[in-house]
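Novice: Handing you a structure now.
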Amino acid sequence: MAARQKTIITCAVTGAIHTPTMSDALPYTYDQIAEQAVAAAEAGASILHLHARDNATGAPSVDPDDFRPFLPRIKQATDAVVNISTGGSLTLSIQDRIRPAATFSAEMCSMNMGSMNFSFHPLAKRYESWKFDWEEDYVANSNGNIFRNTFKDIEEAATTLAPHDIKFEHECYDVGHLYNLKFCMDTGLFKAPIFIQFVMGILGGIGADIDNLVFMKKTADKLFGDDYRWSVLAAGAAQIPMATTASQMGGNVRVGLEDSLFIQRGKLAESNAEQVAKIRRIVEELGNTVATPDEAREILDLKGGDRVNF
Ligand code: KMH
Ligand code: ZN
C-alpha cells in the first residue's frame, strides 16, 4: 500500500464535450454551475475544472461572456482552485478554445496532449428523448470527430498562455500522449513539476483498467522521474473504481458529472458534490487525507488565487 498522502480531488463540474444533458443534475446555466461548483468545493474538491455553456441553447461555449457570470461567484464563495477547460468543443480551433483561460488568467487550465478519435456515438442509441435539439445529432455524429491537438496547437496554446503563469492539467488519453508531453518538455514548452491527468475510458483513448493505469504510471515514471504529479479521470462507470485505485497508488483523483453522470452502476448522481463526497469518503477510509485548496496550490506549485483576472 502507498504511504499516507494528501490526495487532491478535482471536480469537473460541467459536462460539455462528451456529456449530453441526460440528467437533470448536470449543471448548464450560470446559476447551476456556480451553485454546484461551490457545493463540490465544500464537499472536498480543491480544484474545480470548468466548462461553460450557452444558456439559451445549452451548447458548449468558449465565449468568455458565458464564464463571466459564474467565475466571480465561485471565487467569492470558495477558496478552490479554478481550472478552466481549453478543450471547449471538438469542433473549435485552439485559438477559440484557449480564450477563456487567457481572458481570466486562471490558476490552472487543461492542456490536451494529442489528436485523437473522441467518440460517444454509442450513447445515441441509449436515449429516446433529448433535453436540447442539437444533442442527438451531435452525439450520433461524434464517430466522425477528430479531437485536434497537434504539436502546433499545443505550442500555440502554451506560448499564448505562458505570460499568465497558468499550471496545466496535461490531459493524456493514451501512452503516446505522455511521449508528446516529454517532447514538449524537452523543447522547453513546459516546466517541471508538471501535472498529468491520465484520462481513461474515452472511445478513442486507452481503456479504463488497472493494467493500463500501471502502464501509464510506469511510462510517466520513466519519462519524468520525480518531476511530475498525477491524477486519474476515468469516464463512465469506471470513474470511482479507477479513482480509488489511483489514490491507493499515490495519485490524485478527478470526479464530476463532466465525466460520469452516475453515482453507482445504474443510478444517476444527484450532484457533483455527491460524487466528491463519495470519493472523499473512500480516500479517507482507506487511510489518506484530502488536500485543501492551499495544500493543492503548494503541491502543484500554483501562482495563487489572488493572481487571477476575475
Ligand atoms: N472530460 C474529459 C475526458 C478538456 O476540458 O480540456 C476531457 C476534458 C478536456 O476535460
Ligand atoms: Zn473538461
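Novice: Which of the lysines could be linked to LYS267 by a straight reach, that is with a Cα gap under 26 Å, when you skip same-chain ones fewer than 8 residues away?
Specialist: Straight-line reach from LYS267, under 26 Å: LYS125, LYS131, LYS278.
Novice: Now for a separate question. By accessible area of protein heavy atoms, probe 1.4 Å, what ranking do THR219, THR187 get, highest first? Intermediate values should be presented prior to the final figure.
Specialist: Values: THR219 5, THR187 85 Å².
Listed by decreasing accessible area, they come as THR187, THR219.
Novice: Using θ = phi - 60° and the Karplus relation 6.51 cos²θ - 1.76 cosθ + 1.60, list the HN-Hα couplings for the range 155-169 in order, rounded to whole Hz, with x at every Gly or Pro.
Specialist: Couplings: 5, 5, 5, 5, 6, 5, 8, 3, x, 8, 6, 8, 7, 8, 8 Hz.
Novice: Same structure again: Order THR29, THR7, THR159 by their accessible area, 1.4 angstrom probe, all chains in place, largest first. Working shown, then result.
Specialist: Working: THR29 35, THR7 0, THR159 80 Å².
Ranking THR29, THR7, THR159 by accessible area, largest first, yields THR159, THR29, THR7.
Novice: Averaging over all projection directions, find the projected area of the Cα convex hull of the chain and quote it in nm² with one decimal place.
Specialist: Values: hull surface 55.4 nm².
Mean orientational projected area (the chain, Cα hull): 13.8 nm².
Novice: So which GluC sites (Glu not before Pro) in the range 83-154 pass both tests, a DSSP loop state and at most 13 other Cβ atoms within 10 Å of the Cβ? Could you put the intermediate results ahead of the total?
Specialist: Details: sites: GLU107, GLU128, GLU135, GLU136; in loops: GLU107, GLU128.
Sparse-neighbourhood loop GluC sites (Glu not before Pro): GLU128.
Novice: Suppose all protein chains stay in the model; what accessible area per residue would a 1.4 Å probe give for the chain, in Å²? Don't skip to the answer; put the middle values down first.
Specialist: Values: 12520 Å² over 310 residues.
Dividing the accessible area of the chain by its residue count gives 40 Å².
Novice: Ordering HIS170, HIS121 by how much accessible area each has at a 1.4 Å probe, largest first, what is the list? Walk me through the numbers on the way to the answer.
Specialist: Values: HIS170 5, HIS121 60 Å².
Listed by decreasing accessible area, they come as HIS121, HIS170.
Novice: I'd like the accessible area for ASP65, computed on protein heavy atoms only with a 1.4 Å probe and all protein chains in place. Round to 10 Å², please.
Specialist: 90
Novice: Grab the DSSP H runs of the chain that are 4 residues or longer, score each as -39,500 (n - 2.57), total them, divide by all residues and round the 222 nm result to the nearest 500 deg cm²/dmol. Intermediate values should be presented prior to the final figure.
Specialist: Numbers: 10 runs with 108 residues, N = 310.
Calculated at 222 nm, the ellipticity per residue is -10500 deg cm²/dmol.
Novice: Sticking with this structure for a sec: Under a crude label model (7 Å from the Cα following the beta-carbon direction), how far is ASP186 from LYS6 in nanometres?
Specialist: 3.3
Novice: Here is a follow-up. Sequence gap at least 6, Cα distance under 8 Å: using those rules, report the relative contact order of the chain to the nearest whole percent. Can you show the working numbers first?
Specialist: On the way: 645 pairs, mean separation 78.5, N = 310.
Computed value for the chain: 25 percent relative contact order.
Novice: Using 1/(1 + (r/R0)^6) with R0 = 45 angstrom and r between the beta carbons of ASP133 and THR160, what's the FRET efficiency to the nearest 0.05?
Specialist: Numbers: r = 34 Å, r/R0 = 0.75.
Here the calculated transfer efficiency is 0.85.
Novice: Looking at the chain only, what percent of DSSP beta bridges run antiparallel? Nearest 5 please.
Specialist: Numbers: 7 of 40 bridges.
Around 20 percent of the beta bridges assigned by DSSP in the chain are antiparallel ones.
Novice: What is the percent carbon and sulfur in the accessible area of the chain, measuring with a 1.4 Å probe over the protein chains and ignoring ligands? Please list the in-between numbers first.
Specialist: Details: 6140 of 12520 Å².
Reported share for carbon and sulfur atoms: 49 percent.
Novice: May I pose another question? Given 0.36 nm per residue, what is the gain on full extension from THR150 to ARG307 after removing their alpha carbon distance, in nm? Before the final figure, lay out each step's value.
Specialist: Values: separation 157, 0.36 × 157 = 56.52 nm, distance 2.94 nm.
Additional length available on full extension: 53.6 nm.
The values are calculated or read from the model by the stated rules, or taken from the named source; none is laboratory data. Bear in mind that the values here come from a model prediction, so they are computed numbers and not experimental data. Cβ: placed from backbone, ideal geometry, glycine included. Neighbour counts: every protein chain shown. Heads up: the accessible areas ignore ligands, DNA and RNA and are worked out on the full protein's heavy atoms, side chains in. Shrake-Rupley method; radii C 1.70, N 1.55, O 1.52, S 1.80 Å.
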